[in-house]
Amino acid sequence: MQPKSSVSVETWMFSIPVQQRHLKTLEERIMQARMKNPVMIVPDAMQALYALGASAKKGGVPSRTLDLVHLRASQINGCSLCVDMHARDLKKASETDERLFAVAAWREAPYFTDAERAALALTEAATRLSDRADPVPDEIWEEAARHYDEPALAALIISIALINFWNRLNVATRQVAGSVPR
């Protein structure tokens with residue numbers, strides 16, 4: 001909507017709802033990071049997070065399952081950088097389009113193993129902690145424990161916590177999908 005020549009800019013501005021007047025354009029709001037990623041600023045933070053991620057990868061959970069977990073948590077948290085990155089990682093690992101497209105609807109899709117379903121259910125529960133009184137119900141925990149021994153379950157939980165940490169950093173600072181961390 002642009003001001004008509006017979007209408008002053010002030011009149012035109014006040015004809016737009018307040019919420020719209022205060023919004024930046026979509027490009028301004030979404031396509032520019034607010035700041036460098038905090039782990040690029042705080043000394044040794046990046047190395048510590050990479051080390052934690054590397055230790056989780058050694059815990060016995062298949063790497064493809066961990067990538068599915070990372071993608072699902074990132075979808076829930078609205079982290080475009082991580083959704084983009086983990087979908088690309090899965091694609092590079094020869095993941096099928098059917099499975100990639102169905103991650104957000106994994107319960108209704110026939111493409112996932114029981115172990116992957118257990119990992120995805122645990123991911124959703126541990127990501128959405130405030131959604132229910134018992135954030136990680138025994139049923140979800142027991143199903144995950146049925147498919148993963150204690151070291152693998154520990155690695156899975158660390159991996160879920162770590163992707164949630166990355167998502168929070170990236171969403172808070174509006175890191176841009178497809179960009180190299182700044």
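The values are calculated or read from the model by the stated rules, or taken from the named source; none is laboratory data. Note that the structure is predicted; figures quoted are calculated from it, not measured. Glycine gets a Cβ as well: all are built from the backbone with ideal geometry, and neighbour counts include every protein chain shown.
Quick rundown of the values:
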quantity: Residue within region 75-87 that is out of contact with any Phe, Trp or Tyr (no Cβ under 7 Å at 6 or more places or on another chain), assigned to a loop (DSSP other than H, G, I, E, B) and either outside the structural domain of ALA54 (by TED's automatic domain parsing) or among the hydroxyl-bearing types (Ser, Thr, Tyr) (or both) present; calculated: no
quantity: Boolean, SER74 is surrounded by fewer than 19 Cβ atoms within 10 Å (Cβ to Cβ) and hydroxyl-bearing (Ser, Thr, Tyr); calculated: no
quantity: Hey, VAL136 surrounded by 14 or more Cβ atoms within 10 Å (Cβ to Cβ) and either over 30 Å from GLY178 (Cβ atoms) or acidic (Asp, Glu) (or both) or not; calculated: yes
quantity: Residue match in region 158-178 (condition: of a type in the set (Ser, Thr, Tyr), out of contact with any strand residue (DSSP E or B) (no Cβ under 7 Å at 6 or more places or on another chain) and more than 30 Å from MET35 (Cα to Cα)); calculated: no
quantity: Residue in region 130-143 that is in a helix (DSSP H, G or I), in the same structural domain as ALA51 (by TED's automatic domain parsing), among the hydroxyl-bearing types (Ser, Thr, Tyr) and without any contact (Cβ under 8 Å) to a residue 24 or more places away in the chain present; calculated: yes
quantity: Single match in PRO151, PRO110 (criterion: part of a helix (DSSP H, G or I), more than 30 Å from ALA172 (Cβ to Cβ) and assigned by TED's automatic domain parsing to the domain that holds GLY53); calculated: PRO151
quantity: From ARG64, ARG34, ARG72, residue being in contact (Cβ under 8 Å) with a residue 24 or more places away in the chain and under 13 Å from ASN170 (Cβ atoms); calculated: ARG34
quantity: Residues (surrounded by 19 or more Cβ atoms within 10 Å (Cβ to Cβ) and either free of Cβ contacts under 8 Å to residues at least 24 places away in the same chain or in contact with a helix residue (DSSP H, G or I) (Cβ under 9 Å, 6 or more places away or on another chain) (or both)) located in region 144-156; calculated: ALA144, HIS147, TYR148, LEU153, ALA155, LEU156
quantity: Residue selected from region 105-129 under the condition in contact (Cβ under 8 Å) with a residue 40 or more places away in the chain and among the charged types (D, E, K, R), by the criterion nearest to ASP67 (Cα to Cα); calculated: GLU116
